[in-house]
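The values are calculated or read from the model by the stated rules, or taken from the named source; none is laboratory data. None of these values were measured; they are calculated from a predicted model. Every residue, glycine as well, gets a Cβ built from its backbone with ideal geometry; the counts of neighbours run over all protein chains shown.
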Amino acid sequence: MLGKQPADPAKRSSLHGHWSSRMAFILAVTGSAVGLGNIWRFPYVVGENGGGAFVLVYLACVLVIGMPVMMSEILIGRRGRRNPIATMALLGAEEGNSSRWSIVGAIGVIAGILILSYYAVIGGWTLAYILKSGSGAFADAGADIVTGIRDDFLGSWTTVGLYHTIFMGLTIFVVARGVERGLEQAVRFMVPALLLLMIVLLGYSITTGYFGQGVSFLFTPDWSKLTWDTVLTAMGQAFFTLSIGMGAVMAYGAYLPEETSIPGAAAAVALSDTSIALLAGLVIFPIVFANGMDPAAGPGLVFITLPLAFGQMPGGVFFATIFFVLLTFAAWTSAISLMEPAVAWIMERLGRSRAQAAVMIGLLIWAVGFGTVLSFNVLADVTFWRGTIFDNLDHLTLNIMLPLGGLLIVGFAGWVMCRNSTADELGGAGNVYRLWRFLARVVAPIGILFVFLKAVGLLPDLS
Ligand code: PHE
């Protein structure tokens with residue numbers, strides 16, 4: 001198959017079609033980036049890790065590690081124009097190194113499968129909350145009622161499993177329909193609508209009287225709360241929220257038209273993604289403090305705080321329903337991208353149709369997802385290493401596989417690819433290019449390695 005493609009990378013075209021415009025690409029990557037990571041995971045890991053110091057480390061990771069990794073992923077994807085495994089093999093050979101770089105794509109395919117296995121369970125949870133909100137279950141409800149609803153839901157593995165199944169079905173459906181028709185349509189309205197609704201919620205948060213406390217929790221650093229393990233978690237969150245380190249952005253980059261500016265696209269995505277996460281934090285923590293809740297309540301945090309807020313708001317049933325619809329949409333567009341590397345690989349490798357590949361990979365992910373479904377009920381007491389099956393999957397993928405994938409991607413773009421190739425993709429050797437190259441060659445790789453080694457205790461403390 002590789003032989004059929006022209007040797008000049010500029011003439012190579014994707015095997016799966018192209019985005020219709022620059023905006024379609026930005027929307028698709030934003031749709032991938034904005035999801036449960038911003039609204040569900042960001043607030044609860046911030047809460048578990050003590051607030052401000054964690055947030056600042058996370059922001060630093062987005063800037064100096066996340067941005068160069070994302071640009072590297074897009075440029076590699078566009079240059080190779082295949083699934084991440086084949087692209088890494090092709091570019092590895094083309095740049096005079098080794099086609100074994102395909103391993104980076106393989107790590108990403110596996111990470112995507114594992115992440116989606118639990119992402120779909122949480123996606124199912126948001127789906128269930130559309131119905132609960134719509135039925136008025138949260139109207140005027142106090143903290144104990146809202147907590148009770150959450151406990152009842154999570155306690156029933158059949159219910160959690162059912163919604164997980166529906167969510168996976170929806171994801172397989174869109175992926176099976178293909179790049180142009182499926183993905184583009186799904187992302188066009190969701191992000192602005194979500195932003196708008198978050199601003200409505202922000203209005204409510206300000207009226208709780210605890211807004212100041214929320215802001216200071218989010219932004220006043222208490223460095224004593226920070227350990228190397230929390231720094232690793234902050235870095236993992238940065239990778240996860242930007243959808244980088246596993247080839248999703250690389251797979252989308254493969255469909256990017258030649259003339260689109262990569263730094264501009266990456267900056268637009270990172271900006272909207274980070275704003276939505278910070279906005280989620282600003283909405284949620286005042287509600288936590290106003291109701292005397294524990295910021296470290298874990299994965300259930302948004303499913304308690306937001307229903308509580310909606311329950312006390314005028315028009316709450318309406319807003320809550322719309323909110324969970326949008327959140328499900330956001331999760332859906334991210335889930336699609338989590339499957340894309342594996343699906344593109346099966347299509348090209350096994351010569352299957354998109355629909356067949358989506359069903360094959362989707363069923364596998366669905367089955368693995370039951371490990372997480374059961375982590376909240378039947379197997380809640382089965383803990384090892386980092387905790388439940390869910391906790392372990394979360395740690396393994398976000399804090400280990402994504403940063404490792406990111407390290408290899410940025411290292412490849414910075415050190416293995418020649419200057420001409422990368423400058424060609426990044427629009428010439430100007431200041432932006434020089435900054436990218438410095439971050440990609442020095443700051444990001446050293447930063448990732450340093451945090452890794454510190455977190456596992458392999459580097460001694462200097463003081
Ligand atoms: N970025 C998505 C979110 O924040 C999750 C995701 C991770 C999607 C990795 C694709 C790849 O919800």
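Figures for the structure shown
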{"quantity": "Among residues of region 302-337, those that are within 15 Å of the ligand (Cβ to nearest atom) and out of contact with any Ser or Thr (no Cβ under 8 Å at 6 or more places or on another chain), counted", "calculated": "4"}
{"quantity": "Qualifying residue in region 453-463 (condition: in a helix (DSSP H, G or I), within 24 Å of Gly37 (Cβ to Cβ) and either modelled with pLDDT under 95 or in contact with a His (Cβ under 8 Å, 6 or more places away or on another chain) (or both))", "calculated": "yes"}
{"quantity": "Criterion violated by Ile262 - all others in (1) closer than 17 Å to Asp424 by Cα; (2) within 14 Å of the ligand (Cβ to nearest atom) satisfied", "calculated": "(2)"}
{"quantity": "Evaluation of Ala193 against (1) within 21 Å of Leu326 (Cβ to Cβ); (2) buried (at least 19 other Cβ atoms within 10 Å of the Cβ) (one fails), failing number", "calculated": "(2)"}
{"quantity": "Residues being away from the ligand (no atom under 12 Å from the Cβ) and either surrounded by fewer than 23 Cβ atoms within 10 Å (Cβ to Cβ) or modelled with pLDDT of 90 or more (or both) - total across region 27-42", "calculated": "0"}
{"quantity": "Answer from Leu232, Leu279 - the residue that is surrounded by fewer than 24 Cβ atoms within 10 Å (Cβ to Cβ), more than 14 Å from the ligand (Cβ to nearest atom), touching a residue at least 60 places away in the same chain (Cβ under 8 Å) and part of a helix (DSSP H, G or I)", "calculated": "Leu232"}
{"quantity": "Those residues of region 378-407 which are under 19 Å from the mean Cα position of the chain (by Cα) and not in a helix (DSSP H, G or I), in sequence order", "calculated": "none"}
{"quantity": "Residue satisfying condition, being among the charged types (D, E, K, R) and more than 29 Å from Gly77 (Cβ to Cβ), within set Asp294, Asp273", "calculated": "Asp294"}
{"quantity": "Residues of region 137-148 satisfying the condition of being assigned to a helix (DSSP H, G or I), surrounded by fewer than 19 Cβ atoms within 10 Å (Cβ to Cβ) and in contact (Cβ under 8 Å) with a residue 12 or more places away in the chain", "calculated": "Ala143, Thr147"}
{"quantity": "Hits in region 202-229 (condition: hydroxyl-bearing (Ser, Thr, Tyr) and at pLDDT below 95)", "calculated": "Tyr204, Ser205, Thr207, Thr208, Ser224, Thr227"}
{"quantity": "Residue that is surrounded by the most Cβ atoms within 10 Å (Cβ to Cβ), among those in region 430-461 that are touching a residue at least 60 places away in the same chain (Cβ under 8 Å), of a type outside the set (Gly, Ala, Ser) and touching a Phe, Trp or Tyr at 6+ places or on another chain (Cβ under 8 Å)", "calculated": "Val451"}
